[in-house]
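Engineer: Below you'll find the structure I mean.
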Amino acid sequence: MLDTHTDDQFNLGTVFTTLAETLPDREFLVAKERRLTYAETAERARRLASYLHSHGLGATKERSVLGGHESGQSHVALALYNGTEYLEGMIGSYLARCAPFNVNYRYVGEELSYLLNDARPGAIIFHARLAPVLAEVLHTLATPPVVLLQVADDSGEALIDGAVDYEEALASADPAGPPVEPSPDDLYILYTGGTTGMPKGVLWRQHDIFMSAMGGRKIGTWEMVRSYEALRDGAINGFGLKVLVLPPLMHGAAQWASYIMACEGSTLVFANNPRHMDPADIWRTVEKEKVNTFTVVGDATVRPLLEELDRGDYDTSTLFAIGNGGAPLTAAVRALITERLPNVLITDAVGSSETGAQMSTSSASGEAAGSFQPGPGALVANEELTAILEPGHEGMGWLAQGGFVPLGYLGDAEKSARTFPVIDDVRYSIPGDRARQHADGIVELFGRDSVTINSGGEKIFAEEVEAAIAGYPGVVDVVVAGRASERWGQEVVAVVHLSDGSVQDAAAITEHASAHIARYKLPKDVVFVDHIQRSPSGKADYRWAKEIAEAAQKA
């Protein structure tokens, strides 16, 4: 049986204040000219917590009287680019017993209106550059926010009606923090990306997400941190790395990595341009700050970094590890990293908003691409979701996570019950990834069922076809989608971005892929584009790819 016992139950706000008390003078956040220690970050977070509390925001109902899809706390929308304010916004909200949630800064009016009406925030903290689109949708909100805090940036945007300057708000607030006691039952809310459907707010108990993905298990061993005293010891004796936060903090992977590294006593560094990925800026930051590690999201983020590394003259001698998560890293791109950075360890992690961290593999482990060592509680359920399969089972099942799992989806009891089913009296998270567990325990991951293409009665996983095409010379990026077919029901379409000067040869690309996948999985059409649309973190936008594939069919 999975061990979930700990001596202490953890709250994310209290976790950080404990770290700040343990390492008060150690540098925690570096963003352009701003450098904050752990203690300075904690004080700014307490001031924010005081400000939120003074406006009546916090906990209204305790977890014991709520369903898994319900919240009894004020919500705080974080519409922010990467920077110190994002972490302050998270920690300060936790200390006020509010529940912060991520806002995609690329959303336009209708998308933002949907998200905010679904989450009903009592406060919104936003960068000034996002003020115009926010002002456009405020009148559409059924429940207007009580607090609007605008973070100044280089956009020159004036304060919108009702907003207060973020720094002025902090300066006016009590540095001691509010008179509330944060609870392990308080919520951590993470909205899914919405690349295959409408965004959904995943609700976690803070203790559970901490144990699953935010520092409650030690890196490399999955050993649990069982007490605040053990947390202090871990920070004192931790790696103390310089970590470049490359993916946007509006995505769970970056939030999780930030907390994990904080628990190791590390310093988090932000690139100078928080709105766009600038490879030259990233390598200059690695050199200047002597960065030890950073995280990427699949091929789409790695290729431009490697191209810039070839063009420039950068000192990467302090870099010894690159983590990948959120999108596959193909064998071809992995080989390119090894060629250019031979002393860097590459680690792949598997997880989702609904499961937390589940599995991992590294460049030194010897596992085949798409195969992972499962973490505690990572299992495979049968097709009917009635049993957990033994290793070595026949056929595919559903990747499942037991132990520390979310409570449900905000406001959606029905979908909560489907995604978090009870099997043999144990509650699991099963968000829709297909997998097989081999007899040696290794889990082979096929991909998300929601982007599976059913062609001629065969299930084809988009990510498998993408990996087969990605190694073709000249392919910069590729996303695979399905579209309606009179003959096949659905047919596979590859949307491909080639490098400048490469010849658009669909037949050659298909022939290359045939060496890696069965012929029935090969694309029936290849659509060439100048740019692949992805989320800011690098995740594929399958809705966009489907639209491109369908438009090509009509042309």
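The values are calculated or read from the model by the stated rules, or taken from the named source; none is laboratory data. Values in this document were obtained by computation on a predicted structure and should not be read as measured data. Cβ: placed from backbone, ideal geometry, glycine included. Neighbour counts: every protein chain shown.
Engineer: Please enumerate the residues belonging to region 425-469 that are more than 23 Å from the chain's Cα centre (by Cα), polar (S, T, N, Q) and buried (at least 19 other Cβ atoms within 10 Å of the Cβ).
Structural biologist: 437, 455
Engineer: Go through (1) within 30 Å of residue 391 (Cβ to Cβ); (2) touching a strand residue (DSSP E or B) at 6+ places or on another chain (Cβ under 7 Å) and name the single condition residue 302 misses.
Structural biologist: (1)
Engineer: Out of 48, 57, 66, 2, I need the residue that is among the aliphatic types (A, V, I, L, M), assigned by TED's automatic domain parsing to the domain that holds residue 169 and surrounded by fewer than 19 Cβ atoms within 10 Å (Cβ to Cβ). Which one?
Structural biologist: On the way: 48 fails: surrounded by fewer than 19 Cβ atoms within 10 Å (Cβ to Cβ); 57 fails: surrounded by fewer than 19 Cβ atoms within 10 Å (Cβ to Cβ); 2 fails: assigned by TED's automatic domain parsing to the domain that holds residue 169.
Unique residue meeting the criteria: 66.
Rundown of residues vs (1) closer than 30 Å to residue 138 by Cα; (2) surrounded by 23 or more Cβ atoms within 10 Å (Cβ to Cβ), yes/no style:
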residue	(1), (2)
160	yes, no
164	yes, no
172	yes, no
181	no, no
188	yes, yes
214	no, yes
247	yes, yes
252	yes, yes
255	yes, yes
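Engineer: Output the helices (runs of 4 or more DSSP H) that fall wholly within region 60-145 and possess 2 or more residues being under 23 Å from the mean Cα position of the chain (by Cα) and of a type in the set (A, V, I, L, M, F, W, C), or say none.
Structural biologist: Numbers: elements: 84-95, 109-119, 131-137.
Passing ranges, in order: 84-95, 109-119.
Engineer: Also, quick follow-up: Can you tell me which residue among 164, 137 is more than 28 Å from residue 11 (Cα to Cα), free of Cβ contacts under 8 Å to residues at least 24 places away in the same chain and of a type in the set (A, V, I, L, M)? If you could, list the steps in order and put the result at the bottom.
Structural biologist: Values: 137 fails: free of Cβ contacts under 8 Å to residues at least 24 places away in the same chain.
Result: 164 is the single residue among 164, 137 that is more than 28 Å from residue 11 (Cα to Cα), free of Cβ contacts under 8 Å to residues at least 24 places away in the same chain and of a type in the set (A, V, I, L, M).
Engineer: A further question follows. Among (1) part of a helix (DSSP H, G or I); (2) touching a helix residue (DSSP H, G or I) at 6+ places or on another chain (Cβ under 8 Å); (3) over 22 Å from residue 24 (Cβ atoms); (4) polar (S, T, N, Q), there is one condition residue 41 misses while meeting the rest; what is its number?
Structural biologist: Just one mismatch for residue 41, condition (3).
Engineer: Quick one: count up the residues across region 474-500 that are within 18 Å of residue 531 (Cα to Cα) and without any contact (Cβ under 8 Å) to a residue 24 or more places away in the chain.
Structural biologist: Of all residues in region 474-500, those within 18 Å of residue 531 (Cα to Cα) come to 474-481, 493-500.
In the following step, the residues that additionally are without any contact (Cβ under 8 Å) to a residue 24 or more places away in the chain were identified as 500.
So the answer is 1.
Engineer: Do any residues in region 3-31 that are at negative phi and at pLDDT below 95 have Cβ atoms under 7 Å from those of residues that are part of a loop (DSSP other than H, G, I, E, B) and crowded, with 17+ Cβ neighbours inside 10 Å, where the two are at least six apart or on different chains, and which pairs are they?
Structural biologist: Sorted first by the residue in region 3-31, then by its partner, the pairs are 4/403; 4/404.
Engineer: Looking at region 470-491, is at least one residue surrounded by fewer than 16 Cβ atoms within 10 Å (Cβ to Cβ), under 18 Å from residue 554 (Cα atoms), in the same structural domain as residue 545 (by TED's automatic domain parsing) and in contact with a strand residue (DSSP E or B) (Cβ under 9 Å, 6 or more places away or on another chain)? Reasoning before the result, please.
Structural biologist: Taking region 470-491 first, the residues surrounded by fewer than 16 Cβ atoms within 10 Å (Cβ to Cβ) are 473, 484, 486-487, 489.
Next cut, under 18 Å from residue 554 (Cα atoms) only: 484, 486-487, 489.
After this cut, where a residue has to be in the same structural domain as residue 545 (by TED's automatic domain parsing) as well, the list is 484, 486-487, 489.
If we keep only those that are in contact with a strand residue (DSSP E or B) (Cβ under 9 Å, 6 or more places away or on another chain) too, we end up with 484, 489.
Among the residues of region 470-491, at least one is surrounded by fewer than 16 Cβ atoms within 10 Å (Cβ to Cβ), under 18 Å from residue 554 (Cα atoms), in the same structural domain as residue 545 (by TED's automatic domain parsing) and in contact with a strand residue (DSSP E or B) (Cβ under 9 Å, 6 or more places away or on another chain), which makes the answer yes.
Engineer: List, please: which pairs have Cβ atoms under 8 Å, are six or more places apart or on different chains, and start with a residue in region 170-183 that is outside any loop (DSSP other than H, G, I, E, B) and end with one that is of a type outside the set (S, T, N, Q)?
Structural biologist: 170/44; 170/47; 170/48; 170/51; 171/47; 172/51
Engineer: Taking region 46-69 as the region of interest, how many residues are among the charged types (D, E, K, R) and in contact with a Lys or Arg (Cβ under 8 Å, 6 or more places away or on another chain)?
Structural biologist: Of all residues in region 46-69, those among the charged types (D, E, K, R) come to 46-47, 61-63.
After this cut, where a residue has to be in contact with a Lys or Arg (Cβ under 8 Å, 6 or more places away or on another chain) as well, the list is 63.
Counting residues in region 46-69 that are among the charged types (D, E, K, R) and in contact with a Lys or Arg (Cβ under 8 Å, 6 or more places away or on another chain) gives 1.
Engineer: Could you list, in sequence order, all residues of region 216-230 that are of a type in the set (A, V, I, L, M, F, W, C) and either at positive phi or surrounded by 22 or more Cβ atoms within 10 Å (Cβ to Cβ) (or both)? Before you say what the answer is, go through the steps one by one.
Structural biologist: First, pick out the residues of region 216-230 that are of a type in the set (A, V, I, L, M, F, W, C): 219, 222, 224-225, 230.
Passing the criteria: 222, 225.
Engineer: Every residue in region 155-169 that is assigned to a loop (DSSP other than H, G, I, E, B) and at pLDDT 95 or above, please. Let's see the steps before the verdict.
Structural biologist: Narrowing region 155-169 to residues assigned to a loop (DSSP other than H, G, I, E, B): 155-163.
155, 157, 158, 159, 160, 161, 162, 163, listed by residue number.
Engineer: Hey, among 518, 545, which residue is within 32 Å of the chain's Cα centre (by Cα) and surrounded by 17 or more Cβ atoms within 10 Å (Cβ to Cβ)?
Structural biologist: Numbers: 518 fails: surrounded by 17 or more Cβ atoms within 10 Å (Cβ to Cβ).
Result of the check over 518, 545: 545.
Engineer: Among the numbered criteria (1) closer than 25 Å to residue 246 by Cβ; (2) more than 23 Å from the chain's Cα centre (by Cα), which single criterion is violated by residue 477?
Structural biologist: The one condition residue 477 does not meet is (2).
Engineer: Another question about this same structure. Confirm whether residue 192 is of a type in the set (Ser, Thr, Tyr) and closer than 28 Å to residue 541 by Cα. Explain how you work it out, then say what you get.
Structural biologist: Working: of a type in the set (Ser, Thr, Tyr): yes; closer than 28 Å to residue 541 by Cα: yes.
Yes.
Engineer: Another question, then. Looking only at region 122-154, filter to residues that are of a type in the set (S, T, N, Q) and over 18 Å from residue 87 (Cα atoms); which one of those is surrounded by the most Cβ atoms within 10 Å (Cβ to Cβ)? Explain how you work it out, then say what you get.
Structural biologist: Pass one, region 122-154, residues of a type in the set (S, T, N, Q): 140, 143, 150.
Cutting the leftovers down to over 18 Å from residue 87 (Cα atoms) gives us 140, 143.
Working: 140: 14, 143: 12.
Among those that are of a type in the set (S, T, N, Q) and over 18 Å from residue 87 (Cα atoms), it is 140.
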